[in-house]
Amino acid sequence: MLSLLRGKREPIHDFPGGIHPPENKARSTAAPIRPGPLPHELVLPLNMHVGAPARPVVALDETVLKGQLIAESQGRISAPVHAPTSGRITAIEDRPVQHPSGMTATCIVLEPDGREAWAELEYRPDWAATDPAALLEQVRHSGLAGLGGAGFPTAVKADPGEDTRIEQLIINAAECEPYITADDRLMRERSPGIIRGIRMLAHLLRPDEILVGIEDNKPEAIQALRSAAEGTDIEIRVVPTRYPSGGEKQLIQLLTGKEVPAGDLPARVGVICQNVATAYGIYRYLEHGEPLLSRITTVTGDAVSHPGNYEVLVGTPVKDLLACAGLDADRLGKLVTGGPMMGFTLPEPAAPVVKTSTCLIASTPEELPEPPPEQPCIRCGACAEVCPANLLPQQLYWYAKNDEFERAQQHNLMDCIECGACAYVCPSHIPLVQYYQYAKGEIRNQEAETAKADRARQRFEARQERIERQKAEKEARRRERREAQRRKQEAAPSGDDGTRSDAAVQASATSAGGGSAASGGSDGSGSGNGDDESRADERARRMKQLKVTYNKANKQWKQAQAAFNKAQRDGADNLDQLSANVDKLRTRADEARAELDALVQEAKTDVEAATGRDLKTLKKEATDAELAARRKAKEVQAAREAGATEQAQSLEREHEQLRQDADDKAAWLKRVMEEQGMKEDE
Amino acid sequence: MTILTAIIALLALAAVFGALLGYASEKLKVEGDPVVDQIDAILPQTQCGQCGHPGCRPYAEAIAAGEEHNKCPPGGEQTIQELSDLLGRDFLPLDEEHGEEDVKRVAYIREDECIGCTKCIQACPVDAIIGAAQKMHTVIEDECTGCDLCVEPCPVDCIDMVPVEETLESWHRERPPGVGGRPETYIPVENLA
């Protein structure tokens, strides 16, 4: 170890805590990277990354080519999905995904045709001469998302914002988690590509320093990287093997001594950290035009006969990959994805390998036995000693256990990186990380609920306000109308108006054939000022009622008529009775209709009395004004097109006047009709 | 003489501080009742009216005025506990008269059956239903508080209250069973050869 550190210009800093679990890496590093299987279907979840899920841009049964975009990113923090091989889209549906809950998510299902026919790719061999902003836009379409396992969209991470100066670009090649050797093998075999990818990232970010952090348990990879980086300004910094040195914040602290503030991003302290496989992905994309179609996944564990690293097409079902690695299903115990420390047991082997799948462990029951029962905390403090984030795991455990989430947050629960070091050393086998995950989940859900409650409160208050306002407006309009009526009545000799209305009412009463108490309030109409208003209201109400009566009676009459006709055809013997029924309903409908007509007539008369013009004239005037305004608008348009600006302006003014006039007339007509209890259609 | 000086000094001090206090009470006057806001922040904002008040804020005002704080079924025991802590009152079990604590639900309109009467739109306290007369209506699921108020006015009974389903985002691990139990997750590295 010391020999590797010798000759470094910069000292390596330190991070607190950390553990040395058995590595178990040798098994999978022996063999070179092998190609993964071509399964009979690829399942591509729309959210293989952190952020908003991608939106499908292909239709069912569509044939797609290798590398073709099949789902585009939605919003800033998102990443697109490309077809990993050519074939046919057979479904877009919910499928199980790699998630500890075993729940489903929307996936695009692709049936490979085996032709591996490529779509047309866009190369960028001239990246070094391209403007970083344009290049970044290009990277957005690569589909790359943190291949180290976190899955944060690479383009978003590579865009810290205009005014953030990046001092260090750190390439994370630590790969500290036991079992996983994907990055190790990648570096041994493809170092030149990685170095080119790092230079592309540096071109985007313009950092002062480029550091590659790698643990000293990978001498071959270090050698390969060193020789590839010869002559560049990329520094390979070897760090001692200690879990979790590959944690983003821990690696930054190791290499630069800088601590990323709680709840903040590394860019805050002038650092951007990218995984080594991501750098290789950028190289593949820019120099070969290949979006992210496959990744290197470690398959290991005692239940597979060919452990090693496989270059797997994204979307390959886990079970196909395991079969390819020689799975002995009888010996399979737990199937763990993502490494033994931070990974989880995969409940559903049909779930696909995604962009973030670093490792699959097909273990035998002897290899990963059932957990022993949890025992009481003996307050030994071992967990606090190994916590790389300097937290108090024991305190957090008590708070999470007792649902004291507020206290847990005060003790910075949210800064826990869930590395599992505390649970690993706990002599009482307490699943500490699970307690923290539980508490974090509860806190997040509570926050979401509070946010929702706040929104509901705002919406409720806005609605109350709107209802109040509408009520007030209605009241104001009513008052205004009453006021206008009163003024008009005062101005005009009241007798005239009164007699006319009276006559109209009498006429209506007669024509209604002495039906039910027609047009109530008629007797008061001549005497009081406010009565006009109530009379119009009353009439409107009555008109509505009559309409309902008429419609009902009319419908019943039609039905009765139909029944009668049918009876006649069949030669039934109750024809008389039916006929009487038809007549009765007919009369009822006619009566209602007649009364309704009379009321409309009466309303029209009232309009004439109030305005001095009959409704027809009013309507005509309104239509004429509207027509004139429209004609003028056309003239304005024509003048504009002809280029006569001055003329157009004067015409515009005329048009405005006409428009105003037309609007006024229309509004007036509407108001008069409303006042008289008529709807437009009468 | 000394006595007099002391008295004068004390009087002067009293006058100065009195003036200061008087000024402060005018200048720093708090409008409204801050307790109402605090209570309102604890209430779940479903605006369901199960407490007998037309919304959460009116109930918050009523609680501040002395009404029992155990009439909110959507908030359940947790809300009662938080209100008890805030107000220094004793914890009371949920008043069954106003309903029982239930899982979270949201309204769902069976759209084929909707006749477009707008009655539910008018009933919704948070404007979470969209649609127009004679047109199908639908619920904005994210904004629905599950208050039930739209169910009763529907003339064709096409509104269901469906339990909120767990999503990949809302899922989280269960609390481990505790001492003696076997947890779901376990870091087994130390057992490896």
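The values are calculated or read from the model by the stated rules, or taken from the named source; none is laboratory data. Because the structure is a prediction, the values reported are computed rather than measured. So basically every Cβ, Gly included, is an ideal-geometry build from the backbone, and we count neighbours across all protein chains shown. Side chains included, ligands, DNA and RNA excluded: accessible areas come from the protein's heavy atoms. Shrake-Rupley method; radii C 1.70, N 1.55, O 1.52, S 1.80 Å.
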Could you tell me whether A:GLU490 is modelled with pLDDT of 90 or more and open to solvent by 20 Å² or more (accessible area, probe 1.4 Å)? no
Matching residues in segment A:138-154 (open to solvent by less than 10 Å² (accessible area, probe 1.4 Å) and small (Gly, Ala, Ser)) number 4
Note on A:ASP126: of the conditions (1) surrounded by fewer than 21 Cβ atoms within 10 Å (Cβ to Cβ); (2) in contact (Cβ under 8 Å) with a residue 60 or more places away in the chain; (3) more than 33 Å from the chain's Cα centre (by Cα), unmet is (2)
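Among A:GLU370, A:GLU366, which is the only one that is out of contact with any Cys (no Cβ under 9 Å at 6 or more places or on another chain), within 12 Å of chain B (Cβ to nearest Cβ) and free of Cβ contacts under 8 Å to residues at least 60 places away in the same chain? If you could, list the steps in order and put the result at the bottom.
Values: A:GLU366 fails: free of Cβ contacts under 8 Å to residues at least 60 places away in the same chain.
Exactly one of A:GLU370, A:GLU366 is out of contact with any Cys (no Cβ under 9 Å at 6 or more places or on another chain), within 12 Å of chain B (Cβ to nearest Cβ) and free of Cβ contacts under 8 Å to residues at least 60 places away in the same chain, namely A:GLU370.
Would you point out which residue out of A:VAL314, A:VAL354, A:VAL318 is closer than 20 Å to A:ASN275 by Cβ and more than 14 Å from chain B (Cβ to nearest Cβ)?
On the way: A:VAL354 fails: more than 14 Å from chain B (Cβ to nearest Cβ); A:VAL318 fails: closer than 20 Å to A:ASN275 by Cβ.
Step by step, each of A:VAL314, A:VAL354, A:VAL318 is checked, and only A:VAL314 is closer than 20 Å to A:ASN275 by Cβ and more than 14 Å from chain B (Cβ to nearest Cβ).
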Of (1) at positive phi; (2) touching a helix residue (DSSP H, G or I) at 6+ places or on another chain (Cβ under 6 Å), A:GLY315 fails just (2)
Counted residues in segment B:117-160 being in a loop (DSSP other than H, G, I, E, B) and surrounded by fewer than 13 Cβ atoms within 10 Å (Cβ to Cβ) come to 8
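Residues checked against (1) open to solvent by less than 40 Å² (accessible area, probe 1.4 Å); (2) within 14 Å of chain B (Cβ to nearest Cβ):
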residue	(1), (2)
A:SER428	yes, yes
A:TYR435	yes, yes
A:TYR438	yes, yes
A:ILE443	yes, yes
A:ALA448	no, yes
A:LYS452	no, yes
A:PHE460	yes, yes
A:ARG486	no, no
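In segment B:132-152, is there at least one residue being at the interface with chain A (Cβ under 8 Å from one of its Cβ atoms), among the acidic types (Asp, Glu), without any contact (Cβ under 8 Å) to a residue 24 or more places away in the chain and in contact with an Asp or Glu (Cβ under 9 Å, 6 or more places away or on another chain)? Give the steps one after another, and end with the answer.
Going residue by residue through segment B:132-152, those that are at the interface with chain A (Cβ under 8 Å from one of its Cβ atoms) are B:142-143, B:145.
The next check asks that each one be among the acidic types (Asp, Glu); those that pass are B:142-143.
If we keep only those that are without any contact (Cβ under 8 Å) to a residue 24 or more places away in the chain too, we end up with B:142-143.
Pick out the ones that are also in contact with an Asp or Glu (Cβ under 9 Å, 6 or more places away or on another chain) and you get B:143.
Taking every residue of segment B:132-152 in turn, at least one turns out to be at the interface with chain A (Cβ under 8 Å from one of its Cβ atoms), among the acidic types (Asp, Glu), without any contact (Cβ under 8 Å) to a residue 24 or more places away in the chain and in contact with an Asp or Glu (Cβ under 9 Å, 6 or more places away or on another chain).
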Taking the conditions exactly as written (in a loop (DSSP other than H, G, I, E, B), within 14 Å of another protein chain (Cβ to nearest Cβ) and at pLDDT 90 or above), does A:CYS377 satisfy them or not? yes
Checked against (1) surrounded by 15 or more Cβ atoms within 10 Å (Cβ to Cβ); (2) outside any loop (DSSP other than H, G, I, E, B), B:GLN78 satisfies every condition except (1)
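Taking the stated definitions as given, is B:LYS104 within 14 Å of the chain's Cα centre (by Cα), more than 14 Å from every other protein chain (Cβ to nearest Cβ) and not aromatic (Phe, Trp, Tyr)?
On the way: within 14 Å of the chain's Cα centre (by Cα): yes; more than 14 Å from every other protein chain (Cβ to nearest Cβ): no; not aromatic (Phe, Trp, Tyr): yes.
When the stated conditions are applied, B:LYS104 does not pass them.
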_Filter result for B:GLU113 (more than 14 Å from every other protein chain (Cβ to nearest Cβ), more than 30 Å from A:VAL433 (Cα to Cα) and open to solvent by 70 Å² or more (accessible area, probe 1.4 Å))_ = yes
If I filter segment A:304-312 for residues that are within 26 Å of A:THR90 (Cα to Cα) and not aromatic (Phe, Trp, Tyr), do I get at least one hit? yes
Pairs returned, first residue in segment A:395-418 that is open to solvent by 50 Å² or more (accessible area, probe 1.4 Å), second residue that is of a type in the set (A, V, I, L, M, F, W, C) and part of a helix (DSSP H, G or I), beta-carbon separation under 6 angstrom, 6 or more apart or interchain, are A:HIS411/A:LEU396
Scanning segment A:389-432 for residues that are of a type in the set (D, E, K, R), assigned to a helix (DSSP H, G or I) and farther than 22 Å from A:PRO376 by Cβ gives A:GLU406, A:ASP415
By residue number, the members of segment A:598-634 that are crowded, with 16+ Cβ neighbours inside 10 Å and among the acidic types (Asp, Glu) are A:GLU602, A:ASP606, A:GLU608, A:GLU621, A:GLU626
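When you look at A:GLY315, is it open to solvent by less than 10 Å² (accessible area, probe 1.4 Å), under 32 Å from the mean Cα position of the chain (by Cα) and under 25 Å from A:SER245 (Cβ atoms), yes or no? I'd like the intermediate steps shown before the answer.
On the way: open to solvent by less than 10 Å² (accessible area, probe 1.4 Å): yes; under 32 Å from the mean Cα position of the chain (by Cα): yes; under 25 Å from A:SER245 (Cβ atoms): no.
Against the criterion (open to solvent by less than 10 Å² (accessible area, probe 1.4 Å), under 32 Å from the mean Cα position of the chain (by Cα) and under 25 Å from A:SER245 (Cβ atoms)), A:GLY315 does not qualify.
Take A:ALA224 and decide whether it is among the hydrophobic types (A, V, I, L, M, F, W, C), more than 20 Å from A:PRO22 (Cα to Cα) and buried (at least 20 other Cβ atoms within 10 Å of the Cβ).
Working: among the hydrophobic types (A, V, I, L, M, F, W, C): yes; more than 20 Å from A:PRO22 (Cα to Cα): yes; buried (at least 20 other Cβ atoms within 10 Å of the Cβ): yes.
Yes: the conditions hold for A:ALA224.
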Within segment B:92-99, does at least one residue satisfy the condition of being open to solvent by 40 Å² or more (accessible area, probe 1.4 Å) and either in a strand (DSSP E or B) or within 14 Å of another protein chain (Cβ to nearest Cβ) (or both)?
no
Margin query: Tell me yes or no: at least one residue of segment A:329-345 is open to solvent by less than 10 Å² (accessible area, probe 1.4 Å), more than 9 Å from chain B (Cβ to nearest Cβ) and within 27 Å of A:GLN250 (Cα to Cα).
Written below: yes
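Assess whether A:LYS452 counts as being within 30 Å of B:ASP142 (Cβ to Cβ), touching a residue at least 24 places away in the same chain (Cβ under 8 Å) and in a helix (DSSP H, G or I). If you could, list the steps in order and put the result at the bottom.
Values: within 30 Å of B:ASP142 (Cβ to Cβ): yes; touching a residue at least 24 places away in the same chain (Cβ under 8 Å): no; in a helix (DSSP H, G or I): yes.
Against the criterion (within 30 Å of B:ASP142 (Cβ to Cβ), touching a residue at least 24 places away in the same chain (Cβ under 8 Å) and in a helix (DSSP H, G or I)), A:LYS452 does not qualify.
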Within segment B:21-31, can one find any residue that is among the aromatic types (Phe, Trp, Tyr), more than 14 Å from chain A (Cβ to nearest Cβ) and either closer than 24 Å to B:GLU143 by Cβ or free of Cβ contacts under 8 Å to residues at least 40 places away in the same chain (or both)? yes
Taking segment A:352-373 and the residues there that are charged (D, E, K, R) and modelled with pLDDT under 90, the one that is least open to solvent (accessible area, probe 1.4 Å) would be A:GLU367
